[in-house]
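Peer 1: Below is one structure. I have some questions about it.
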Amino acid sequence: RKMLSEVLVANWREFDAGGTGKDLRLDKVYTLSLHMSDKSSKKMGPGASLTGETILVVDDDRQVLGVLRRVFERHGYRVLSASDGREALEVLDTHQLKPNLVLTDIVMPEVSGPELVAQLEEMEFKVPIIYMSAYAPREIADRYGLHESTPRYRLLVKPFQLNDVLQAVRESLDKYVG
């Protein structure tokens, strides 16, 4: 057996958002070491290929942002991160990189995920978009006009398993980029 990697595990906790309903917050993050045999190490799972593709990750929860950044980097992705849409545009301008995929929270202060995507599209960024939200999917889709008629868009509902987000990223990259 050989050690494959450490995996970050995130626990989510529901809390009262001060009269605005329920919300989710990252409660605890810890790592687990994974071991596998040499035979199975060739089948590392979703997102495991070390591709060097660039992902822009945007979330106003710094803990979520940090966990996602570390997970993607450990799977060979280059990660640009920002805490809202405005900062994401600044990061892209500073690094002069075009991401291969954008993973963004929907509801954020300053510039929301959909507002960020609209600005990126004005700049000719035609990349896969994965939205994340702890709100009900139908409510979010109706509120922001995010319906399945736009094939480059995908919605992940928080809380999600890290393996699910890795798989969503890999599938989106393979379908719309590669």
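Peer 1: Anything in the stretch 95-116 that is touching a residue at least 40 places away in the same chain (Cβ under 8 Å) and either of a type in the set (K, R) or open to solvent by 50 Å² or more (accessible area, probe 1.4 Å) (or both)? List them, or say none.
Peer 2: Hits for the stretch 95-116 are L97, K98, P109.
Peer 1: To continue, here is another question. If I ask for residues that are in a strand (DSSP E or B) and either among the acidic types (D, E) or over 10 Å from the mean Cα position of the chain (by Cα) (or both), which ones from the stretch 50-78 would you list?
Peer 2: Just the residues of the stretch 50-78 that are in a strand (DSSP E or B), to begin with: 54-58, 78.
Scanning the stretch 50-78 gives T54, R78.
Peer 1: Further question: Those residues that are of a type in the set (K, R) and part of a loop (DSSP other than H, G, I, E, B), I need them from the stretch 79-126; list them, please.
Peer 2: Across the stretch 79-126, the qualifying residues are K98, K126.
Peer 1: Do the conditions hold for D142, that is, is it assigned to a helix (DSSP H, G or I) and at pLDDT below 85? Outline the logic, then answer.
Peer 2: Working: assigned to a helix (DSSP H, G or I): yes; at pLDDT below 85: yes.
Here the answer is yes, as D142 does meet what is asked.
The values are calculated or read from the model by the stated rules, or taken from the named source; none is laboratory data. For clarity, every value in this text was computed on a predicted model and none was experimentally measured. Neighbour counts are summed over all protein chains in view; Cβ atoms, including those assigned to glycine, are modelled from backbone coordinates with ideal geometry. Keep in mind that these areas ignore ligands, DNA and RNA; they rest on the heavy atoms of the full protein, side chains included. Shrake-Rupley method; radii C 1.70, N 1.55, O 1.52, S 1.80 Å.
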